[in-house]
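J.: Before I ask anything, here is the structure I am working with.
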Amino acid sequence: MNEARKGRRRTTLQDVAARAQVSTATVSKVIHGHADIGGATRQRVEQALRDLDYRPVGRPDPPRTTTIVAAFDSFGPSYSPEVLSGLMDAATRLGVRVVADFCPAPGRSPSAKDWVQRHVSAGAGAAILVTAPISSQLTDAAAGHGLPLVAIDPKTDPGPGVSTIGSTNWAGAASAAAHLIELGHRRIAFAGLDLETDYLAERYSGFRSSLERAGVPLRPEYIGYGGTDFQHGQQIGARYAQMDEPPTGVVAATDSVALGVIESARRHGMVCPDDVSVVGFDDMLPARWSTPLLTTVRQPLAEMGALAVRAALDLLSGEQTGAQQLHLATTLIVRDSTRSLRAE
């Protein structure tokens, strides 16, 4: 314990709440990384925590520098940077050092065991894995070295020992399909399905549920299987455009797929949204720059990154002793890529 703190009363939640002029519940939410606190309020509480040198009861003083590995399955142009931005912002405020890397994968060097050994030897205290398939070899190696794991949008169920952070994928895709149905669309497709990826399967399930509730038939030819990138969206969109009865509405698994569908429609003489309405998922920066501006389901990517840092620190400090599953709310953002169905 810091010598300057010996012999004086421990700062309480009530002290911090009074200093920041908020409730003790709000202070607790800020400490535990809840995403429903406004930016100005969060900053005021965090400043009060620093001013009063607050330490939760039972939590030891943190080490001078904590290192967390941020490991990505791949690093695309939009999703990954937004997650990393939130992760780095939280790490900077909390005095955490971040090392970026790619996740180990079967058949790829280094092995999961060597990957964990390398980072633990370099001083890593925890690892945050982003959109990665998490093997039992990785979880076993991490457990053997006492390395806590936190997974953001894991492709597959990582098992009971890994904390996970995601969004309400089912509800988000359900709201996207319901939006198209409310606009009068009945020929509605889903683009970018990979049933081996859990969060995509959840999105498809939510999409399908909205169609079933509204009595809208799901036509097998409207299911576009493939990856989650722009190129796969183009391929799926080209197939739709060449159908005798192309879909008039498309829910895409990601924004990248949605933008690919729109570009392919344009190349085949179709106009979005006049001929086809398209909804994405993620609300990445390109969704706010595209023509037309993309209607999409926003998931709070930066907040997910920040929450992962706090979850990792809670595991390191012993405040959280078991894995937890956290799901942040999604929001439908209506822009210019959807419109009411034109009378035929």
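J.: Residue by residue through segment 216-244, note down the ones that are in contact with a His (Cβ under 6 Å, 6 or more places away or on another chain) and more than 15 Å from ASP255 (Cα to Cα).
T.: ALA241
J.: Here is a follow-up. Condition test on ARG298, is it of a type in the set (D, E, K, R), modelled with pLDDT of 95 or more and within 17 Å of the chain's Cα centre (by Cα)?
T.: The answer is yes for ARG298.
J.: Identify the single condition in (1) over 27 Å from GLY233 (Cβ atoms); (2) at pLDDT 95 or above that THR139 does not satisfy, given that it satisfies every other one.
T.: (2)
J.: Give GLY7, GLY38 a once-over and let me know the one that is modelled with pLDDT under 85, surrounded by fewer than 18 Cβ atoms within 10 Å (Cβ to Cβ) and farther than 22 Å from THR330 by Cα.
T.: Just one listed residue meets the conditions, GLY7.
J.: Just give me the residues in segment 218-241 being surrounded by 17 or more Cβ atoms within 10 Å (Cβ to Cβ) and aromatic (Phe, Trp, Tyr), in sequence order.
T.: Selection gives TYR222, PHE230, TYR240.
For (1) of a type outside the set (Val, Ile, Thr); (2) in contact with a helix residue (DSSP H, G or I) (Cβ under 7 Å, 6 or more places away or on another chain); (3) buried (at least 22 other Cβ atoms within 10 Å of the Cβ); (4) over 20 Å from PHE75 (Cβ atoms), each residue gets a yes or a no:
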{"position": "ALA253", "(1), (2), (3), (4)": "yes, yes, yes, no"}
{"position": "ARG267", "(1), (2), (3), (4)": "yes, no, no, yes"}
{"position": "MET270", "(1), (2), (3), (4)": "yes, yes, no, yes"}
{"position": "PRO300", "(1), (2), (3), (4)": "yes, no, no, no"}
{"position": "MET304", "(1), (2), (3), (4)": "yes, yes, yes, no"}
{"position": "ALA323", "(1), (2), (3), (4)": "yes, no, no, yes"}
{"position": "HIS327", "(1), (2), (3), (4)": "yes, no, no, yes"}
{"position": "THR338", "(1), (2), (3), (4)": "no, yes, yes, yes"}
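J.: Let me ask something additional. How many residues, within segment 214-265, are closer than 21 Å to THR131 by Cβ and not in a helix (DSSP H, G or I)?
T.: Number of matching residues: 10.
J.: Could I ask something else about it? Report the residue count in segment 300-341 for those that are in the same structural domain as GLU82 (by TED's automatic domain parsing), part of a loop (DSSP other than H, G, I, E, B) and in contact with an Asp or Glu (Cβ under 8 Å, 6 or more places away or on another chain).
T.: The total comes to 1.
J.: Considering each of LEU195, LEU147, LEU200 in turn, give the residue that is over 14 Å from the mean Cα position of the chain (by Cα) and crowded, with 19+ Cβ neighbours inside 10 Å. If you could, list the steps in order and put the result at the bottom.
T.: Working: LEU195 fails: crowded, with 19+ Cβ neighbours inside 10 Å; LEU200 fails: over 14 Å from the mean Cα position of the chain (by Cα).
The unique qualifying residue is LEU147.
J.: Could you grab the pairs with beta carbons closer than 8 Å, sequence gap of 6+ or different chains, first residue in segment 183-210 and closer than 19 Å to PRO158 by Cβ, second one acidic (Asp, Glu)?
T.: ASP198/ASP157; TYR199/ASP153; LEU200/ASP194; ALA201/ASP194
J.: When residues of segment 280-299 are filtered for being of a type outside the set (Phe, Trp, Tyr) and assigned to a strand (DSSP E or B), how many remain?
T.: Going through segment 280-299 one residue at a time, the tally reaches 6.
J.: Name the residues in segment 237-250 that are in contact with a Phe, Trp or Tyr (Cβ under 8 Å, 6 or more places away or on another chain) and not hydroxyl-bearing (Ser, Thr, Tyr), would you?
T.: The answer is PRO246, PRO247, VAL250.
J.: Right, next: Run down ALA25, ALA112, ALA18 and say which single residue is over 18 Å from LEU301 (Cα atoms), of a type in the set (Gly, Ala, Ser) and at pLDDT below 75. Steps first, answer last, please.
T.: Numbers: ALA112 fails: at pLDDT below 75; ALA18 fails: at pLDDT below 75.
One residue alone meets the criteria, ALA25.
J.: Condition first: among the charged types (D, E, K, R), assigned by TED's automatic domain parsing to the domain that holds ALA71 and more than 26 Å from THR228 (Cβ to Cβ). Can you find one or more residues in segment 96-103 that meet it? Outline the logic, then answer.
T.: In the first step, residues of segment 96-103 are kept if they are among the charged types (D, E, K, R); the result is 97, 101.
Pick out the ones that are also assigned by TED's automatic domain parsing to the domain that holds ALA71 and you get 97, 101.
In the following step, the residues that additionally are more than 26 Å from THR228 (Cβ to Cβ) were identified as 97.
Yes.
J.: If I filter segment 301-337 down to residues being of a type in the set (Asp, Glu) and farther than 30 Å from ARG266 by Cα, which single residue comes out as modelled with the lowest pLDDT?
T.: GLU319
The values are calculated or read from the model by the stated rules, or taken from the named source; none is laboratory data. This is a predicted model, so every value here is computed, not measured. Glycine also receives a Cβ, built like all others from the backbone with ideal geometry; neighbour counts cover every protein chain displayed.
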